[in-house]
Ligand code: K2U
Ligand code: ZN
(Lines give C-alpha, C1' and ligand atoms only; values in the text may rest on other atoms or scores of the structure.)
(Ligands and ions follow the chains in the order given, each with its own letter.)
Protein backbone atom coordinates (compact mmCIF):
# COMPACT_ATOMS: atom_id res chain seq x y z
CA UNK A 1 0.00 0.00 0.00
CA UNK A 2 1.06 3.62 -0.56
CA UNK A 3 2.60 5.05 2.61
CA UNK A 4 2.83 8.74 3.64
CA UNK A 5 6.30 10.23 3.01
CA UNK A 6 7.83 12.16 5.93
CA UNK A 7 8.64 15.82 5.22
CA UNK A 8 11.89 17.49 6.48
CA UNK A 9 12.47 18.55 9.24
CA UNK A 10 11.69 15.28 11.01
CA UNK A 11 13.98 13.55 13.56
CA UNK A 12 13.36 10.19 11.87
CA UNK A 13 15.05 11.52 8.72
CA UNK A 14 18.22 12.30 10.70
CA UNK A 15 18.65 8.89 12.32
CA UNK A 16 21.34 6.35 11.47
CA UNK A 17 19.16 3.41 10.43
CA UNK A 18 19.52 -0.12 11.83
CA UNK A 19 20.75 -3.00 9.66
CA UNK A 20 18.11 -5.47 8.48
CA UNK A 21 18.87 -8.80 10.20
CA UNK A 22 16.50 -11.11 8.33
CA UNK A 23 14.68 -10.84 5.02
CA UNK A 24 11.30 -11.72 6.54
CA UNK A 25 7.90 -11.65 4.84
CA UNK A 26 7.34 -8.37 6.71
CA UNK A 27 10.49 -6.91 5.09
CA UNK A 28 9.27 -8.13 1.70
CA UNK A 29 5.93 -6.38 2.21
CA UNK A 30 7.74 -3.20 3.31
CA UNK A 31 9.87 -3.27 0.12
CA UNK A 32 6.70 -3.76 -1.96
CA UNK A 33 4.99 -0.80 -0.24
CA UNK A 34 8.09 1.33 -0.80
CA UNK A 35 8.17 0.55 -4.54
CA UNK A 36 4.45 1.33 -4.82
CA UNK A 37 4.93 4.59 -2.88
CA UNK A 38 7.97 5.53 -5.01
CA UNK A 39 6.18 4.96 -8.36
CA UNK A 40 3.13 6.87 -7.08
CA UNK A 41 5.17 9.93 -5.98
CA UNK A 42 6.60 9.66 -8.71
CA UNK A 43 10.21 9.14 -7.82
CA UNK A 44 13.20 7.10 -8.92
CA UNK A 45 14.32 6.16 -5.42
CA UNK A 46 13.01 5.86 -1.85
CA UNK A 47 14.64 4.99 1.50
CA UNK A 48 12.81 3.31 4.40
CA UNK A 49 13.31 6.25 6.83
CA UNK A 50 11.29 8.40 4.41
CA UNK A 51 8.21 6.37 5.34
CA UNK A 52 9.22 6.36 9.01
CA UNK A 53 10.96 2.97 9.12
CA UNK A 54 14.52 3.48 10.37
CA UNK A 55 15.87 0.30 8.76
CA UNK A 56 18.63 -0.02 6.15
CA UNK A 57 16.42 -0.67 3.11
CA UNK A 58 16.22 1.32 -0.13
CA UNK A 59 14.39 0.84 -3.43
CA UNK A 60 15.21 2.46 -6.76
CA UNK A 61 14.24 2.39 -10.40
CA UNK A 62 16.07 4.99 -12.42
CA UNK A 63 14.83 3.76 -15.81
CA UNK A 64 13.47 6.98 -17.30
CA UNK A 65 13.31 6.27 -21.02
CA UNK A 66 9.72 5.51 -22.00
CA UNK A 67 9.22 2.03 -23.36
CA UNK A 68 12.30 0.62 -21.62
CA UNK A 69 11.40 -2.10 -19.10
CA UNK A 70 11.42 -0.78 -15.52
CA UNK A 71 14.20 -2.19 -13.34
CA UNK A 72 13.01 -2.02 -9.72
CA UNK A 73 15.91 -2.73 -7.34
CA UNK A 74 15.43 -3.63 -3.65
CA UNK A 75 18.58 -3.27 -1.53
CA UNK A 76 18.90 -4.42 2.09
CA UNK A 77 21.99 -3.14 3.96
CA UNK A 78 23.51 -1.46 0.89
CA UNK A 79 27.20 -0.46 1.17
CA UNK A 80 29.39 1.52 -1.21
CA UNK A 81 32.55 -0.56 -1.73
CA UNK A 82 34.25 1.79 -4.27
CA UNK A 83 33.71 5.31 -5.58
CA UNK A 84 35.32 7.03 -8.57
CA UNK A 85 37.59 10.04 -8.09
CA UNK A 86 35.67 11.69 -10.90
CA UNK A 87 32.61 13.65 -9.71
CA UNK A 88 29.34 14.43 -11.43
CA UNK A 89 26.89 17.23 -10.63
CA UNK A 90 23.14 16.69 -10.55
CA UNK A 91 20.26 19.06 -9.78
CA UNK A 92 18.90 16.93 -6.95
CA UNK A 93 15.47 16.87 -5.34
CA UNK A 94 14.03 14.74 -2.56
CA UNK A 95 10.55 13.38 -1.93
CA UNK A 96 10.96 14.49 1.70
CA UNK A 97 11.83 18.04 0.62
CA UNK A 98 9.21 18.68 -2.07
CA UNK A 99 9.77 21.19 -4.88
CA UNK A 100 13.29 22.17 -3.73
CA UNK A 101 16.24 21.47 -6.03
CA UNK A 102 19.96 22.17 -5.76
CA UNK A 103 23.17 21.07 -7.46
CA UNK A 104 25.06 18.34 -5.61
CA UNK A 105 28.45 16.89 -6.60
CA UNK A 106 28.93 13.16 -6.02
CA UNK A 107 31.32 10.47 -7.33
CA UNK A 108 30.28 9.76 -10.92
CA UNK A 109 30.50 5.95 -10.45
CA UNK A 110 30.07 3.75 -7.37
CA UNK A 111 30.21 0.03 -6.68
CA UNK A 112 27.49 -1.12 -4.27
CA UNK A 113 27.12 -4.38 -2.31
CA UNK A 114 23.72 -5.37 -0.89
CA UNK A 115 21.41 -8.25 0.10
CA UNK A 116 18.49 -8.81 -2.29
CA UNK A 117 14.89 -9.85 -1.59
CA UNK A 118 16.04 -13.42 -2.25
CA UNK A 119 18.52 -13.16 0.64
CA UNK A 120 21.46 -13.42 -1.80
CA UNK A 121 24.43 -11.02 -1.89
CA UNK A 122 24.87 -8.71 -4.90
CA UNK A 123 27.56 -6.29 -6.01
CA UNK A 124 27.16 -3.97 -9.00
CA UNK A 125 28.77 -0.82 -10.37
CA UNK A 126 26.51 2.14 -11.17
CA UNK A 127 27.08 5.26 -13.27
CA UNK A 128 24.92 8.23 -14.35
CA UNK A 129 21.59 8.80 -12.66
CA UNK A 130 21.68 5.34 -11.06
CA UNK A 131 24.94 6.30 -9.29
CA UNK A 132 23.51 9.64 -8.11
CA UNK A 133 20.28 8.02 -6.92
CA UNK A 134 21.84 5.10 -5.02
CA UNK A 135 24.18 7.51 -3.19
CA UNK A 136 21.24 9.81 -2.40
CA UNK A 137 19.30 6.84 -0.96
CA UNK A 138 22.21 5.44 1.06
CA UNK A 139 22.70 8.94 2.51
CA UNK A 140 19.11 8.72 3.78
CA UNK A 141 20.08 5.56 5.76
CA UNK A 142 22.77 7.64 7.49
CA UNK A 143 20.44 10.53 8.29
CA UNK A 144 21.95 12.71 5.53
CA UNK A 145 19.83 14.82 3.16
CA UNK A 146 20.98 16.50 -0.06
CA UNK A 147 20.57 19.90 1.62
CA UNK A 148 23.38 18.91 4.02
CA UNK A 149 25.75 19.45 1.08
CA UNK A 150 24.58 23.06 0.65
CA UNK A 151 25.76 26.20 2.44
CA UNK A 152 24.09 26.98 5.78
CA UNK A 153 22.02 29.89 4.39
CA UNK A 154 20.51 27.90 1.50
CA UNK A 155 19.89 24.92 3.80
CA UNK A 156 18.18 27.18 6.37
CA UNK A 157 16.03 28.82 3.66
CA UNK A 158 14.83 25.41 2.45
CA UNK A 159 14.19 24.18 5.99
CA UNK A 160 12.09 27.29 6.74
CA UNK A 161 10.05 26.69 3.54
CA UNK A 162 9.39 23.08 4.63
CA UNK A 163 8.33 24.19 8.14
CA UNK A 164 5.85 26.61 6.51
CA UNK A 165 4.58 23.83 4.19
CA UNK A 166 4.05 21.52 7.17
CA UNK A 167 2.14 24.23 9.07
CA UNK A 168 -0.12 24.77 6.03
CA UNK A 169 -0.67 21.00 5.60
CA UNK A 170 -1.49 20.65 9.32
CA UNK A 171 -4.17 23.36 8.95
CA UNK A 172 -5.77 21.59 5.96
CA UNK A 173 -6.08 18.15 7.56
O1 K2U B 1 15.11 9.78 -2.12
C2 K2U B 1 14.25 10.48 -2.63
O3 K2U B 1 13.75 11.44 -2.05
C4 K2U B 1 13.85 10.22 -4.08
C5 K2U B 1 14.73 11.10 -4.92
C6 K2U B 1 15.82 10.28 -5.51
C7 K2U B 1 16.78 11.12 -6.28
C8 K2U B 1 17.12 12.43 -5.91
C9 K2U B 1 18.04 13.14 -6.66
C10 K2U B 1 18.62 12.57 -7.77
C11 K2U B 1 18.29 11.29 -8.12
C12 K2U B 1 17.36 10.57 -7.38
C13 K2U B 1 13.93 11.87 -5.97
O14 K2U B 1 13.00 12.71 -5.41
S15 K2U B 1 13.05 10.92 -7.11
C16 K2U B 1 12.47 12.28 -8.12
C17 K2U B 1 13.40 12.47 -9.25
C18 K2U B 1 12.99 12.01 -10.46
C19 K2U B 1 13.84 12.09 -11.54
C20 K2U B 1 15.11 12.65 -11.41
C21 K2U B 1 15.53 13.12 -10.18
C22 K2U B 1 14.67 13.04 -9.07
ZN1 ZN C 1 15.62 11.91 -0.82
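Looking only at segment 2-23, decide whether some residue is under 15 Å from the mean Cα position of the chain (by Cα), within 24 Å of residue 126 (Cβ to Cβ) and in a strand (DSSP E or B).
No, segment 2-23 contains no residue that is under 15 Å from the mean Cα position of the chain (by Cα), within 24 Å of residue 126 (Cβ to Cβ) and in a strand (DSSP E or B).
Taking segment 145-173 on its own, how many of its residues are under 21 Å from residue 55 (Cα atoms) and either out of contact with any helix residue (DSSP H, G or I) (no Cβ under 9 Å at 6 or more places or on another chain) or buried (at least 17 other Cβ atoms within 10 Å of the Cβ) (or both)?
2
Please identify the pairs in which a residue from segment 138-153 that is under 19 Å from residue 113 (Cα atoms) has its Cβ atom under 6 Å from the Cβ atom of a residue that is away from ligand 2 (no atom under 12 Å from the Cβ) and at pLDDT 95 or above, counting only partners at least 6 apart or on another chain.
138/78; 141/17; 141/56; 142/16
Could you list, in sequence order, the residues of segment 103-121 that are closer than 23 Å to residue 53 by Cα and either in a strand (DSSP E or B) or within 14 Å of the chain's Cα centre (by Cα) (or both)?
Quick first cut of segment 103-121, residues closer than 23 Å to residue 53 by Cα only: 112-121.
Result: 112, 113, 114, 115, 121.
Considering only residues that are more than 8 Å from ligand 1 (Cβ to nearest atom) and within 19 Å of residue 92 (Cα to Cα), look in segment 59-69 and name the one that is surrounded by the fewest Cβ atoms within 10 Å (Cβ to Cβ).
Applying the filter and picking the extreme gives 65.
Would you mind stating whether residue 141 is at pLDDT 95 or above, within 16 Å of ligand 2 (Cβ to nearest atom) and within 19 Å of residue 14 (Cα to Cα)?
When the stated conditions are applied, residue 141 passes them.
Report, by residue number, each residue of segment 72-94 that is more than 20 Å from residue 16 (Cβ to Cβ), in a loop (DSSP other than H, G, I, E, B) and in contact with a helix residue (DSSP H, G or I) (Cβ under 9 Å, 6 or more places away or on another chain).
Quick first cut of segment 72-94, residues more than 20 Å from residue 16 (Cβ to Cβ) only: 72-74, 82, 84-93.
With in a loop (DSSP other than H, G, I, E, B) added as a condition, the list becomes 72, 84-86, 93.
72, 84, 93, listed by residue number.
From the list 100, 50, which one is assigned to a helix (DSSP H, G or I) and surrounded by 18 or more Cβ atoms within 10 Å (Cβ to Cβ)?
50
Taking the stated definitions as given, is residue 109 within 26 Å of residue 24 (Cα to Cα), surrounded by fewer than 19 Cβ atoms within 10 Å (Cβ to Cβ), in contact with a strand residue (DSSP E or B) (Cβ under 7 Å, 6 or more places away or on another chain) and modelled with pLDDT of 95 or more? Before the answer, list the steps.
Values: within 26 Å of residue 24 (Cα to Cα): no; surrounded by fewer than 19 Cβ atoms within 10 Å (Cβ to Cβ): yes; in contact with a strand residue (DSSP E or B) (Cβ under 7 Å, 6 or more places away or on another chain): yes; modelled with pLDDT of 95 or more: yes.
Criteria not met by residue 109.
Being surrounded by 16 or more Cβ atoms within 10 Å (Cβ to Cβ) and either closer than 15 Å to residue 142 by Cα or modelled with pLDDT under 95 (or both) is the filter here, so list the residues in segment 16-47 that pass it.
Our first condition is that a residue be surrounded by 16 or more Cβ atoms within 10 Å (Cβ to Cβ); within segment 16-47, this holds for 17, 20, 23, 27, 30-31, 33-35, 37-39, 43-47.
Answer for segment 16-47, where residues must be surrounded by 16 or more Cβ atoms within 10 Å (Cβ to Cβ) and either closer than 15 Å to residue 142 by Cα or modelled with pLDDT under 95 (or both): 17, 20, 23, 46, 47.
The values are calculated or read from the model by the stated rules, or taken from the named source; none is laboratory data. Model, not experiment: these values are computed from the prediction. Counting neighbours? That spans all protein chains shown, and the Cβs are built from the backbone with ideal geometry, glycine included.
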